């Protein structure tokens, strides 16, 4: 039976025509949507090609039109947009296809993988039938063969026990498993072209790494062209053969991956690369992160006949603002939409401002966290108030200790479910703690914000993840800054007004922003207003919960640099929470690595990030995508997913996924805390002796994969 | 700012908000039909009795009992020879005032209960919502019947009863809307500033729930009219000899085969009023969604 | 599952307790006490005292409440003040009549409303959709007594096809004269149909915009299959609770409809009991209505849980 299936698949795979012809050719594509508020130029001018068997990465920031492009290739655009240019699949102009022909193509020759797998799967239909229906529609197989094929597919994306998975509903799978299912569905008919729209965005780093491995594996296995759309340069560097960069609806640069990252020829690409925090250059001068000033050319504006990047470009000339550049070829399949490709240098944006050393003062810690413990809910019983206990409370954090020195930054890293947000919210008092102590400059801090006095409230401020929702959309910027001043200072109305303007200026916004509505501001501007509001009470400690993860790379640096400047000038301490190891590494003096509510490792940044590390830290480091195609991916991968929050640990919290698990001892005994002899503040919670860890890890790093 | 200035500026703000709603409504066909209907009834409510051709209680028993529509009596006359048009015109005032007052009371109380309960959360919320569930497990008409039988049907009792009956549904809607807004981070930010709960609920959260509240208010207003008219039909509305559309229809049933106009005129009046409100609300809702419907 | 059931049923018990207390409070404690209600305004003080004693009204309210609830739990609702026979005997035939009427309305309204709602959701923005939207808006704007009277004018007075009154002799079943059920059913159906139709349409439109529907389209599935397998099942889930809420609504509508058509059901009995101050009867009827509403909500929750795999009945 299996042979017939393979035979059918081979016939579908051999329908390719010309070997020379590109599989996909996008030629001068433009997409304009018409909305009641005016035209939106989502894609202005995009051209590129994909060949069979290659992965093309499409990068750009939010609103650059990269996703619209993917859907335009699918012929699936909402409303009735005006589409210019053309998309050819194997030489066939897609616009000339009728609805039935297009339907025959979708899911069959072109398949797609989506950004939110949880939403892309039907919540009320089992996984099996969802995969089977694609096969049934496009391939001429009988019922038994269809089921067999579905099982094969589930197995081929690395999911064990396909029968069980096929019987499950989407919500019973983890995010990584869901995305594997979506990929299996896309592979169902052995497509010629696979479009992947931000397939790992929203997944944890360690899960992302395994999905990226799967994509790399696919490249060798299927004879398809893959378009990989992402905002993340590191991810693209890892999977792509060639990279296309988009800006404001245009493709601005296209090059083989190594050329693009090592020898970028468009100022925007260079800018993007200098915005990403890189692993510390060995012993070299640490330069400040760059950001691209200004904002993206608005999509609501028609083509102005100039370079769309000119407003933000450090090397723009009169020619750039008077004439629209066309893509020029530089040879070696490298193209750029710039008049002066020869003058673009990698340090275009890098004024190589050396980072000033953070001033370190006071030995007395600003904040002490001791044995912080928090669970949500209670034991649930079978018959509501009686009967056996059936479900334990949700564990959030257990026994977390750390100190934040005056003027220092402690970074907390962890994936979803690690409890990092609970730690942040307990410190500010939004979440009461079950046990443990918090001390602010040696004084006891009450658990809840309502119990704290005005001084304590003013001393500890918070910056939130989502700037759009952390400012009240119905109240002007003024409100967000004046209100804390009114609460925390005894200034007169006039003084408050002056101070508010100063604060705005300190975050690079002028006084005219006072009366703007938050929704009129860009994400970066909103987050800067939020910073100004946080600075308002002259706090001793700012708890920043993923402050840059909702922002585009090109503006992340603005926020990080503002935080750094404020710290240097005022000696403020920070607790900086992030899932992004690169960012945490850049800002922190010390790092706490959390996993499933437990501290895995803690200590000075460099000690934590070098060997020996906790096996979880090691996996995190190994998984984090680096914007360098030459970076050797270390093969440490975590299988499975973070333990269920109701699970109780008998032994080590990491035992279920630990690649270096010793055996029963890990399952049955909680790990001891070990400190390294050289650095007494560096603690690792693991059964493996430190020397042994160091030996294992040094070996695995030196053996390239 | 002295209280007078504050009142004036608040009134001006309300007027501006109203004017922008009207402009919004006029952008859709539903609004263009609904608005004139509502305006017509508002005019009737204010001046109906003055504009009516005859005093609504004037009897023409001898010569004009149950007469069909004519030039003299455009909508005919009823069993006592009273002009149906005049009775319909003068019936708007009490219906709209009582229903409006009841709806307003319910909306205000329901908003306060729902928002406070949702914001507070936990046990309090659980208990309050159980009580609301219990209240909602009666059809509103049944509660109104029970209460008005005990208290007697006068305008204040009717409005008060409707107000109480509407607390539960309004509270439910406002609670869920509050829960959605409460999860946004600016509420946490306000708590961290040490803002009192009342400030957070009414200054920070309420403005963000206004669109929901506006829709709910229009729904409540139209239900309230349906309810008051139904109570009138059951004899628990405004008491005779004042005219009441529901009661007019109820009384007309005896001679409905011979003189359907006596029922048709008030039926048309109730229908056009409620249809007008619903169309207007629908128009505003559609117009609000228009700019959002982009790709 | 057990946990869910225990939780839901205990909630219903609590709700019904609150409801019964409320009914008791409204009918007994509010001004114009029961004796007054029974005797009317012209009662002398002596009459009132006598009534209070015979009805046991001189005992404190909480005692009487517990007494009443105890009776209810044993199935003893007391005797009707007016008819002097057990309330259960008075209510039973009326309950059957009302169930017949409500059942018919439900059977007519729900399937057609769901079907048309789905159709209009899919054809969103078409001419038919606009026409149906306006029509349903008009339907929810008309109070039952207006619809009822209009139907009588058209079908009885004007066309003469159907009887204008649905009164039947006590002891006979309405099913023996099915024609009398047509107009009340239609009246009751109007609002029910329009409301469920509008909600279904809105739910379908929402699901049509969901990511997983996009996935289904981009799998190359034919539109029919996308609708049947992906859109409709998911749009039905929220519709179920809409239907349950409407059950409660329909009970209110019954009070009006039965009075418009003189149909001998619970609603008419309720109004009679109010007019005759028949307190035990009134309390029982109110409790039945509230209980039905609570029950339909439980059924909705259970079917929701059964149909939506995401909801674990724990």
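Observations
- Top-ranked residue in region A:473-483 [being part of a helix (DSSP H, G or I) and in contact with a helix residue (DSSP H, G or I) (Cβ under 6 Å, 6 or more places away or on another chain); ranked as nearest to the other protein chains (Cβ to nearest Cβ)]: A:480
- Some residue of region C:247-263 being within 15 Å of the chain's Cα centre (by Cα), crowded, with 17+ Cβ neighbours inside 10 Å and more than 12 Å from chain B (Cβ to nearest Cβ): no
- Exactly one residue out of B:39, B:98 is closer than 21 Å to residue B:270 by Cα, assigned to a helix (DSSP H, G or I) and free of Cβ contacts under 8 Å to residues at least 24 places away in the same chain, and it is B:39.
- Among the criteria (1) more than 13 Å from chain B (Cβ to nearest Cβ); (2) under 23 Å from residue C:105 (Cβ atoms); (3) surrounded by 22 or more Cβ atoms within 10 Å (Cβ to Cβ), the one residue C:242 does not fulfil is (3).
- Number of the condition not met by residue B:219 [criteria: (1) crowded, with 24+ Cβ neighbours inside 10 Å; (2) assigned to a helix (DSSP H, G or I); (3) within 12 Å of another protein chain (Cβ to nearest Cβ); (4) touching a residue at least 40 places away in the same chain (Cβ under 8 Å)]: (1)
- Residue A:89 vs. criteria closer than 19 Å to residue A:27 by Cβ and at the interface with another protein chain (Cβ under 9 Å from one of its Cβ atoms): no
- Subset of region A:367-392 (residues that are touching a strand residue (DSSP E or B) at 6+ places or on another chain (Cβ under 9 Å), more than 15 Å from residue A:423 (Cα to Cα) and without any contact (Cβ under 8 Å) to a residue 40 or more places away in the chain): A:377, A:379, A:380, A:381, A:382, A:387, A:388, A:389, A:390
- Residues within region C:158-183 that are in a helix (DSSP H, G or I), within 14 Å of chain B (Cβ to nearest Cβ) and crowded, with 17+ Cβ neighbours inside 10 Å, tallied: 1
- Only one of C:24, C:104 that is modelled with pLDDT of 80 or more and under 30 Å from residue C:191 (Cα atoms): C:104
- Matching entry among C:205, C:152, C:196 (being touching a helix residue (DSSP H, G or I) at 6+ places or on another chain (Cβ under 8 Å), within 14 Å of chain A (Cβ to nearest Cβ), within 30 Å of residue B:273 (Cα to Cα) and part of a helix (DSSP H, G or I)): C:205
- Enumeration of residues in region A:106-142 that are within 32 Å of the chain's Cα centre (by Cα), within 30 Å of residue A:21 (Cα to Cα) and in a helix (DSSP H, G or I): A:134
- The residues of region B:225-271 that are more than 16 Å from residue C:145 (Cβ to Cβ) and in a helix (DSSP H, G or I), listed by number, are B:255, B:261.
- The one condition in (1) touching a strand residue (DSSP E or B) at 6+ places or on another chain (Cβ under 7 Å); (2) more than 9 Å from every other protein chain (Cβ to nearest Cβ) that residue B:180 fails to fulfil: (1)
- Filter pass, residue A:83 being more than 11 Å from every other protein chain (Cβ to nearest Cβ), touching a helix residue (DSSP H, G or I) at 6+ places or on another chain (Cβ under 6 Å) and either in a helix (DSSP H, G or I) or modelled with pLDDT of 90 or more (or both): no
- Every residue from region B:247-263 that is in contact (Cβ under 8 Å) with a residue 40 or more places away in the chain, facing chain C (nearest Cβ under 9 Å) and in contact with a helix residue (DSSP H, G or I) (Cβ under 8 Å, 6 or more places away or on another chain): B:252
- Screening region A:407-471 for strands (runs of 3 or more DSSP E) wholly inside it with 3 or more residues that are on the phi > 0 side of the Ramachandran plot and touching a strand residue (DSSP E or B) at 6+ places or on another chain (Cβ under 9 Å) returns no ranges.
Condition check ((1) within 30 Å of residue C:140 (Cα to Cα); (2) surrounded by fewer than 19 Cβ atoms within 10 Å (Cβ to Cβ); (3) more than 12 Å from chain C (Cβ to nearest Cβ)) across all residues:
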position	(1), (2), (3)
B:132	yes, no, no
B:140	yes, no, no
B:154	yes, yes, yes
B:173	yes, no, yes
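- Residues of region B:183-205 satisfying the condition of being in contact with a helix residue (DSSP H, G or I) (Cβ under 7 Å, 6 or more places away or on another chain), within 11 Å of chain A (Cβ to nearest Cβ) and in a helix (DSSP H, G or I): B:185, B:186, B:187, B:189, B:190, B:191, B:192, B:197, B:200, B:204, B:205
- Options B:98, B:108; residue that is more than 14 Å from every other protein chain (Cβ to nearest Cβ), within 30 Å of residue B:202 (Cβ to Cβ) and crowded, with 21+ Cβ neighbours inside 10 Å: B:98
- Evaluation of residue A:469 against (1) within 14 Å of another protein chain (Cβ to nearest Cβ); (2) closer than 20 Å to residue A:548 by Cβ; (3) buried (at least 24 other Cβ atoms within 10 Å of the Cβ) (one fails), failing number: (3)
- Residue in region A:620-643 that is buried (at least 24 other Cβ atoms within 10 Å of the Cβ), outside any loop (DSSP other than H, G, I, E, B) and under 18 Å from the mean Cα position of the chain (by Cα) present: yes
- Sole residue being at pLDDT 75 or above, under 30 Å from residue A:587 (Cβ atoms) and assigned to a loop (DSSP other than H, G, I, E, B), chosen from A:352, A:345: A:345
- Some residue of region A:404-421 being within 14 Å of chain B (Cβ to nearest Cβ) and within 25 Å of the chain's Cα centre (by Cα): yes
- The condition of being within 14 Å of chain A (Cβ to nearest Cβ), under 21 Å from residue A:126 (Cβ atoms), in contact (Cβ under 8 Å) with a residue 24 or more places away in the chain and surrounded by 16 or more Cβ atoms within 10 Å (Cβ to Cβ) holds for only one of C:216, C:210, that being C:210.
- Test: residue in region B:64-75 that is within 26 Å of residue B:263 (Cα to Cα), in contact with a helix residue (DSSP H, G or I) (Cβ under 9 Å, 6 or more places away or on another chain), away from chain C (no Cβ under 14 Å) and part of a helix (DSSP H, G or I): no
- Scanning region A:496-513 finds no residues that are within 14 Å of chain B (Cβ to nearest Cβ), surrounded by fewer than 17 Cβ atoms within 10 Å (Cβ to Cβ) and in contact (Cβ under 8 Å) with a residue 24 or more places away in the chain.
- Condition check for residue A:375: surrounded by fewer than 22 Cβ atoms within 10 Å (Cβ to Cβ), modelled with pLDDT under 85 and more than 14 Å from every other protein chain (Cβ to nearest Cβ): yes
The values are calculated or read from the model by the stated rules, or taken from the named source; none is laboratory data. Keep in mind that what you see is a predicted model, and the values were worked out from it rather than measured. Here the Cβ is made from the backbone with ideal geometry for all residues, glycine too, and neighbour counts use every protein chain on show.
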